[in-house]
Each structure stands twice: as C-alpha cells, then as structure tokens.
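Peer 1: Mind having a look at this structure? Questions to follow.
The values are calculated or read from the model by the stated rules, or taken from the named source; none is laboratory data. This one's a predicted model, so the numbers in the text were calculated from it and none came from an experiment. Cβ placement follows ideal geometry from the backbone for every residue including glycine, while neighbour counts extend to all protein chains displayed. The accessibility values were calculated without ligands, DNA or RNA, using every heavy atom of the protein model including side chains. Shrake-Rupley method; radii C 1.70, N 1.55, O 1.52, S 1.80 Å.
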Amino acid sequence: MSEFHEIHPDKFIQSPFHLIGKVWQLICVAEQDKVNAMTASWGGLGVMWGKNVSYVVIRPQRYTKELMENSDTFSLSFFSEHYRKVLNYMGTVSGHNENKIEKSGLTLLYSDATPYFKEATAVMFCRKLYAQTFSGTCFTDPTLCHKWYPENDFHTLYISEITKILLKAE
C-alpha cells in the first residue's frame, strides 16, 4: 500500500490544465459531522496575494456549496484513470440524497479536520481566503453567460491558499 509524502506547493510540477480539465478533481469539505465531495473539472491553480492558491467554482444548487459556506478548509483530491467511474458518480449524484462517499467505495481520511481520500494520487489542502458569486453583468464576453448560465445559477468562486500537498509515494 502506497503512503503519502508531503511536498511544498512550489515543488508541485503537474499541469493544472491536465489535472483539473482532464483528470478532474474531487472537492471535499466537512462542516461539523457532515462531509461531502463533488467532482469538478473547472478551476485553477496560481499565485494571488503572495500565496499559492487554488481557484474552485461551485454552483448554488450543489450540496458541497452549502458545506463550503460554513467551513474554513477543504481538500482537492486527484486520482488515477482507474477511478474515472467513481468520479463520474461523485459528479452526478447529490450528497443531499444519499451518502455518496460511502457508496463510492472511497476511503475518507482527515488531516486535522479536513477530509480527503486515501485512494488519491495527489491531495491539496486549501484554506479559504475569498468567495464571490459570479454576476451576469461582469461577463465581457456575453456569449459565455448565455451558454453556461441560461438559468442564472452562477458559480461562487473560492480563492484558497494551498497549505499542504500530499503525493502518493511511487
């Protein structure tokens, strides 16, 4: 069984375009005794306010959003292609309706109070710094607003400091 080892965010050299856009991520958050995770293929990694940060976006109807509003931290877990079906499931079923983490077969672990998954190949632990809901009036290309938000269910953007990264030992 592989173990994780910690690296500094500056040493993380994987492509965010590949990880987020192709591999996908599970955003996992806990609020007291409630935990939920959702698949995300939008977001980013970068530098803001002198910190290494993640950018995640969550729609208002997602159960994860409800928990995110009341938590200071969350994790981003990345998996091998072997877990593609699990990621599809985690992105299509609501945690409001069932305990999808339990049904997924993934193993929930915690670092301090932040949940993450044992099966991940890489995990980023994030501390929220900023949250703002998108507005239709702010789009400089209105075709994006019409295409992605016909119901005006705008994502909330969370900019969060990456406080720790764990990688699976090879």
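Peer 1: Just the residues that are touching a Leu at 6+ places or on another chain (Cβ under 7 Å), more than 20 Å from residue 105 (Cβ to Cβ) and polar (S, T, N, Q), please, taken from region 15-70.
Peer 2: The answer is 54, and nothing else.
Peer 1: Which of the residues that make up region 117-170 are aromatic (Phe, Trp, Tyr) and either open to solvent by 90 Å² or more (accessible area, probe 1.4 Å) or under 22 Å from the mean Cα position of the chain (by Cα) (or both)?
Peer 2: Once the filter is applied, which keeps residues that are aromatic (Phe, Trp, Tyr) and either open to solvent by 90 Å² or more (accessible area, probe 1.4 Å) or under 22 Å from the mean Cα position of the chain (by Cα) (or both), region 117-170 yields 117, 125, 130, 134, 148, 149, 154, 158.
Peer 1: Among the residues of region 51-58, is there at least one that is open to solvent by 20 Å² or more (accessible area, probe 1.4 Å), polar (S, T, N, Q) and closer than 19 Å to residue 163 by Cβ?
Peer 2: For region 51-58, residues open to solvent by 20 Å² or more (accessible area, probe 1.4 Å), polar (S, T, N, Q) and closer than 19 Å to residue 163 by Cβ: present.
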